[in-house]
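Working notes for the structure below.
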Amino acid sequence: MSIGHTLLGLLESGPRHGYDLKRAFDEKFGHDRPLHYGQVYSTMSRLLKNGLVEVDGIEPGGGPERKRYAITDAGVTDVQRWLATPEKPEPYLQSTLYTKVVLALLTRRDAADILDTQRAEHLRMMRILTDRKRKGDLADQLICDHALFHLEADLRWLELTAARLDKLAEVVVK
């Protein structure tokens, strides 16, 4: 996820202080990974330097002065371009799990056991996500669905690999 573009998008609804941006980000996107304040302010500094935001006002506070940031026309254009650009699909062609299975076969270890252990871990995570989805709001449900669909695809791969393990061993252990 592009933190800069996300903060710019949040600014499209109106000027905000860094604290407000962090709170909005964490509420909408940061359930599992809230932003650190330093990350917000370093990102805003970079966006300011690049002309994508401007300081809309400075207010005295109990500590340092509070800057209110507003998105510029260039910032709006940048967000629009980012939103219109498709994300690169991740084909997972260099899977760590595949590497573990092949190494297990090469070293005469039980590759089926590795697949079983991984299957159990995937199922455990799917139970956690399903519970979170059941209790969450619509945004959380969609995030969980995305993760669950990926885990389901991984489970299909685990089953397929387990069914082909003998053939893979013949190819790998020559």
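The values are calculated or read from the model by the stated rules, or taken from the named source; none is laboratory data. Values in this document were obtained by computation on a predicted structure and should not be read as measured data. Cβ sites come from the backbone with ideal geometry, for glycine too, and all protein chains shown count toward neighbours. For accessibility, only protein heavy atoms count, side chains too; no ligands or nucleic acids. Shrake-Rupley method; radii C 1.70, N 1.55, O 1.52, S 1.80 Å.
Just so you know, the averaged projected area of the alpha carbon convex hull for the chain sits at 14.2 nm². Per atom type, the stretch 3-84 shows carbon and sulfur on 51% of its accessible surface, probed at 1.4 Å. Charges on Cβ only, +1 for Lys and Arg, -1 for Asp and Glu, centred on the Cα centroid of the chain; of Leu11, His36, Ala153, which one is farthest towards the dipole's positive end? Positive-end residue among those listed: Ala153.
Long hydrophobic helices in the chain: the complete DSSP H runs spanning 27 Å or more by Cα along their own axis with mean Kyte-Doolittle hydropathy of at least 0.0 are 138-163. Placing +1 on the Cβ of every Lys and Arg and -1 on the Cβ of every Asp and Glu, with no other charges, gives the chain a dipole of roughly 380 debye about its Cα centre. Taking all protein chains into account, the per residue accessible area for the stretch 96-173 stands at 68 Å² (1.4 Å probe). Shown is the FRET efficiency for Val171 and Asp110, computed with R0 = 22 Å from the Cβ-Cβ distance and rounded to the nearest 0.05: 0.80. Comparing Lys133, Lys22, Lys88 in a Gaussian network model of the chain where C-alpha atoms under 10 Å apart are linked, the largest mean-square fluctuation is found at Lys88. Kindly identify the stretch 33-112 as rounded, prolate or oblate by the Cα gyration tensor criterion: order the square roots of the eigenvalues as a ≥ b ≥ c, call it rounded if a/c is under 1.5, otherwise compare a/b with b/c, prolate if a/b is larger, else oblate. Oblate.
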